[in-house]
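Below is one structure, written out as structure tokens; comments come after it.
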Amino acid sequence: MRVLITGGAGFIGSHLSDAYLARGDEVFVLDDLSTGSMENIKHLKAHPRFDYTIESVHHASVVAELVDQCDVVFHLAAAVGVKLIVESPVRTIETNVHGTEVVLQQANKKKKRVLIASTSEVYGLSNQVPFREDGNLVMGATTKGRWSYACSKAIDEFLALAYWREKKLPTTVVRLFNTVGPRQTGQYGMVIPTFVKQALAGRPITVYGDGSQTRCFTYVGDVVRALVALMDHPDAVGEVYNIGSSEEVSIQALAERVQALTDTTSSIVHVPYDEAYEEGFEDMPRRVPDISKIGSLIGYRPTVALDEILHRVITHFRDDASLRVSPRASQAGPTPAVAVH
Ligand code: UDP
């Protein structure tokens, strides 16, 4: 199979590329390197079944050409990370809405199967936990930048489902819940790499708000297996699936676990949301997926528990020579030994 992955140089896209190449398929990556990086795909560059194009997904003729060459399309290119979204709402909205429009338009010309990556953010302020795919999406005010991400992704979902209903373009939507693993930098606000890097550097671990907000973290390998299985399954067409884990943890408890597992001397500090993001920032208090729908279709269930995820992320950053530091030694000097990217 020939697989096009937009955002293929990103954290999840690069792991998806690895999986398809390992299966014997051919992979075409389209990425503008805005949040993705060559570092994520450098081990694939010489692979005979790997091809990459550095270009924006807004470039319709480039997308058209790549879609022509491929059998299926994963559209993962998007603005990611709450920090980036709050700081650059114009880019978020334009990237997410226009990029998806271009991909669906081009895929529709040749009726190529498309999987669109959406996000658990679309559940917004809903309190119908665990979140079911057919539950209500509850958006906050348009004056709060955070919700532009959820709204733009919800439009992507509407569009993908409309292409299926109206034009019989085979599309599937997935809502990804806090995915974690190697190659995620924490540069755009993701909590686990941020906490682990802080702990390894002996810097304070920054819990935003009072830390009572909860999340469920999924290992990237579990997510990738689910994506491949959904693309292979004919009944996934025209449907929306949560991909996540049911192991719920508060951010305060997460900070304490990172503290214990890294044996760091870092303290845990609380940072008000207004300072961490923007004035009046609203967080999602609980974010837990109902994963029964994807479980029934493909037998999906997460295989990597939170402690093992943390262990792998800690090992990843400890093995990274540029970040290597003795946690206790770093307390000695005033200058942090590790740059937090
Ligand atoms: N968070 C935190 N400290 C950080 C980064 C994030 O306490 O340094 C919190 C954030 O406010 C949210 C949770 O951790 O409640 C998960 O944040 P992330 O950005 O990883 O993903 P989100 O679930 O917000 O999309």
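The values are calculated or read from the model by the stated rules, or taken from the named source; none is laboratory data. A quick note: this is a predicted structure, and the numbers were derived from the prediction, not measured. Here Cβ is always computed from backbone atoms with ideal geometry, including for glycine, and neighbour counts include all displayed protein chains.
Data table
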quantity: Pro204 vs. criteria crowded, with 20+ Cβ neighbours inside 10 Å and not β-branched (Val, Ile, Thr); calculated: no
quantity: In segment 87-117, residue nearest to Ser61 (Cα to Cα) [restricted to those that are in a helix (DSSP H, G or I) and polar (S, T, N, Q)]; calculated: Gln106
quantity: Met190 vs. criteria near the ligand (Cβ under 9 Å from one of its atoms) and under 30 Å from Leu4 (Cβ atoms); calculated: yes
quantity: Options Ala141, Ala117, Ala162, Ala154: the member that is at pLDDT below 95 and not charged (D, E, K, R); calculated: Ala141
quantity: Matching option when the condition is surrounded by fewer than 19 Cβ atoms within 10 Å (Cβ to Cβ), modelled with pLDDT of 95 or more, of a type in the set (A, V, I, L, M) and over 19 Å from Gly81 (Cα atoms), among Leu306, Leu297; calculated: Leu297
quantity: Residue in segment 87-106 that is within 16 Å of the ligand (Cβ to nearest atom) and among the small types (Gly, Ala, Ser) present; calculated: yes
quantity: Some residue of segment 264-287 being within 21 Å of the chain's Cα centre (by Cα), under 30 Å from Leu104 (Cβ atoms) and at pLDDT 95 or above; calculated: yes
quantity: Of residues in segment 195-212 being small (Gly, Ala, Ser) and away from the ligand (no atom under 12 Å from the Cβ), the one farthest from the chain's Cα centre (by Cα); calculated: Gly202
quantity: Segment 277-295 residues that are touching a residue at least 24 places away in the same chain (Cβ under 8 Å), paired with ones that are away from the ligand (no atom under 16 Å from the Cβ) and of a type in the set (D, E, K, R) (beta carbon under 7 Å, 6 or more apart); calculated: Asp290/Arg132; Lys293/Glu133
quantity: Residue selected from segment 213-254 under the condition within 16 Å of the ligand (Cβ to nearest atom), among the aliphatic types (A, V, I, L, M) and part of a strand (DSSP E or B), by the criterion farthest from Val174 (Cα to Cα); calculated: Val249
quantity: All positions within segment 118-158 that are of a type outside the set (Gly, Ala, Ser), in contact (Cβ under 8 Å) with a residue 60 or more places away in the chain and assigned to a strand (DSSP E or B); calculated: Phe131
quantity: 2 or more residues farther than 30 Å from Gly145 by Cβ and without any contact (Cβ under 8 Å) to a residue 40 or more places away in the chain: qualifying helices (runs of 4 or more DSSP H) within segment 11-85; calculated: 11-23, 60-69
quantity: Criterion violated by Val73 - all others in (1) closer than 30 Å to Glu248 by Cβ; (2) touching a Lys or Arg at 6+ places or on another chain (Cβ under 8 Å) satisfied; calculated: (1)
